[in-house]
Amino acid sequence: MNLDTPDPDTSQPEGPASQDDTLRLQPTEPTPKRTRPRALWIAVGGGLALVGALALGLALPGEPPDMAAPGAETLDIQVAARQQPPPAPAPGTPLEVLPEAMAKAAPHNPPPAPPPRPDPDLAQAPRAPEAPPWTEEALRRPASMVAPATFDCRRARTPAERVVCADPALAQADQDLAAAYDQALAAGVPDWRLERQQRRWLRAREDAARDAPGAVAEVYAARIVELQALADLAPPEQPGWPPSW
């Protein structure tokens, strides 16, 4: 190689450029950016705003819209008065809803009968004998002047005996009953009859003392009146022994 030979000039092409060189050397134009139309963005934003407004309107309670069209005529509605129910049928009459044949066959309940009036004969019936005045007098007597009962009160066991011993008036009534008993016996009343009546009376006195102690005085008064009536009506002669019947 010859060192003195100048280097060839490479700045200018020696011959016609090839097709590859032409394509390589031509500058490429920049690709334009794709821009979205502004109307599309406005439509999307308006749609989102409309959806938000609808959601907010559904979430908030509001008054119902007036469905009546403007200028429509209003209807005048009148509420009919409530009718009173028919009165109940009178007792004893068949119901109107039944057929005529069944209504005739239905039993007729007659009206209740009025309460019976009191019998004038019963109203004028004699009342029970009242207690004799000796009971009031005995109540006004001092305790020291009242005679004791005809039995020993220290041995009183039955309710009637205890009631008599606790009441000075009943103790005096017991003494009066013993005197009326002796008077009837002296008048000729058989002793067996008096004893039979006396046993029945003692049972009545016990019943009165258990049920109503205040009725013991009435039992004494009734027995004294009975003995006095027997003494007044006794015949002069009476059998000494009870008959066989």
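Is there a residue being of a type in the set (K, R), at pLDDT 90 or above and surrounded by fewer than 16 Cβ atoms within 10 Å (Cβ to Cβ) anywhere in the stretch 133-153?
no
Counting only residues that are out of contact with any Asp or Glu (no Cβ under 6 Å at 6 or more places or on another chain) and surrounded by 15 or more Cβ atoms within 10 Å (Cβ to Cβ), how many does the stretch 154-174 have?
Number satisfying all stated conditions: 13.
When the stretch 177-188 is examined, which residues are found to be part of a helix (DSSP H, G or I) and farther than 10 Å from R223 by Cβ? Walk me through how you get there before you give the answer.
Step one: filter the stretch 177-188 for residues part of a helix (DSSP H, G or I), giving 177-186.
Those that are part of a helix (DSSP H, G or I) and farther than 10 Å from R223 by Cβ: A178, A179, D182, Q183, A184, L185, A186.
The values are calculated or read from the model by the stated rules, or taken from the named source; none is laboratory data. Quick caveat, the model's predicted, so the values are computed rather than measured. Because the Cβ atoms are built from the backbone with ideal geometry, glycine has one as well, and the counts that use them run over all protein chains shown.
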